[in-house]
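The values are calculated or read from the model by the stated rules, or taken from the named source; none is laboratory data. As the structure is a prediction and not an experimental result, all values here were calculated from the model. Just the protein is used for accessible areas: all its heavy atoms, side chains included, with ligands, DNA and RNA removed. Shrake-Rupley method; radii C 1.70, N 1.55, O 1.52, S 1.80 Å.
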Amino acid sequence: MINDLPYCPIPKQTAAMANSLYHSLQGQYFAGYADNIYFDEGKNAWAALMNPINSCVNLFVNVWTVSDLYEPPIRMQIWFNSKLPGNPTVSDLVTPSNTAIYPLPQPKVQLMQASNVEGTPIGGVKGFVRRTQPGETIVAEEDGKFIIPPGGNFAIFLSATDSEDVTASIRVGYGWWEERACCKFETNNC
């Protein structure tokens, strides 16, 4: 049984150890997937890592992927800390990357998604824009350089490129780690 396993100390981080491995060993690294995101003519969709205001952690975005399943290409906008349109749902396709820890750690950050929404993000910053290639997956490894505090988010906003006459089906994946935040939002629950 898992409970009967001997204690295994976490190694100290060295310059040769990847950040993602180090945080995985500590139970701080998570992977998630937003499946079946879609939009029809004149609508949009998104998938975001949402860091709740009371999470007491900073979110470090390590990797993200976007798979565009059908033609034509779609536009991807990367937004930081914006108010996103629509009625999102929480993806249940999230796991700690280190499944050897018992009990399994649970993320404080939520992977949320919304399909077929009207409108665009409000506020925040549009960091950059990319265009997908139909049938391919775009992968970006960020190595934790995008740091989102409690109350913020990192979103991939999806829309048609040139033609409004499009139906799209997209999959978005994320890898991230969480570290304790020192901030004004801390409470006794941290």
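Structure notes:
- Rolling a 1.4 angstrom probe over the protein heavy atoms with all chains in place gives the chain an accessible area of 54 Å² per residue.
- Within the accessible area of the chain (1.4 Å probe), percent carbon and sulfur: 51
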